[in-house]
Amino acid sequence: QVQLVESGGGLVQPGGSLRLSCAASGFTFSNYAMSWYRQAAGKERELVARITNTGGSTTYADSVKGRFTITRDNAENAVYLQMLSLKPEDTAVYYCRTAIILTRSYWGQGTQVTVST
């Protein structure tokens, strides 16, 4: 079955960096676009970044443009989110998500990112 496992979250000071990873299994990873979402406490889940199946095209939320970079390694079945210049408002649970596979998309369990002094 499809599984997505995020890792790499943690506590970081403002201005710091983190690299999130999402390990995928159970489907042909290289056939599908992948996305990172985040959900802050009391807020709706929002799209952070998306990458096409080949990695040839990426899109970002305006709030993270120039600071976050999404990449993927199809040989390793993994997608990454490099986050630089982190701000307190980046604090959230970060999730990876597949594009629709047959009839639905899939989510990982999430990884907490906290930006605080």
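Numbers below:
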read-out: Unmet requirement for Val64, which otherwise passes all of (1) open to solvent by 30 Å² or more (accessible area, probe 1.4 Å); (2) part of a loop (DSSP other than H, G, I, E, B); (3) touching a strand residue (DSSP E or B) at 6+ places or on another chain (Cβ under 7 Å); value: (1)
read-out: Per-region count, segment 15-61, residues open to solvent by 50 Å² or more (accessible area, probe 1.4 Å), within 13 Å of Tyr95 (Cβ to Cβ), in contact (Cβ under 8 Å) with a residue 12 or more places away in the chain and part of a loop (DSSP other than H, G, I, E, B); value: 1
read-out: Scope segment 76-100; condition closer than 23 Å to Gly55 by Cβ, open to solvent by 20 Å² or more (accessible area, probe 1.4 Å) and aliphatic (A, V, I, L, M); matching residues; value: Leu84, Ala99, Ile100
read-out: Selected residue (criterion: modelled with the highest pLDDT) from residues of segment 101-117 that are open to solvent by 70 Å² or more (accessible area, probe 1.4 Å) and either under 21 Å from Asn53 (Cα atoms) or more than 13 Å from the chain's Cα centre (by Cα) (or both); value: Trp107
read-out: Residue pairs meeting the criteria (Cβ under 6 Å; at least 6 apart or on separate chains; first more than 15 Å from Ala24 (Cβ to Cβ) and touching a residue at least 12 places away in the same chain (Cβ under 8 Å), in segment 92-111; second among the aliphatic types (A, V, I, L, M) and in a loop (DSSP other than H, G, I, E, B)); value: Ala92/Ala40
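The values are calculated or read from the model by the stated rules, or taken from the named source; none is laboratory data. Model, not experiment: these values are computed from the prediction. Using ideal geometry, Cβ is built from the backbone for each residue, glycine included, and neighbour counts are taken over all protein chains shown. Accessible surface is based on the protein model in full, side chains and every heavy atom, while ligands, DNA and RNA are left aside. Shrake-Rupley method; radii C 1.70, N 1.55, O 1.52, S 1.80 Å.
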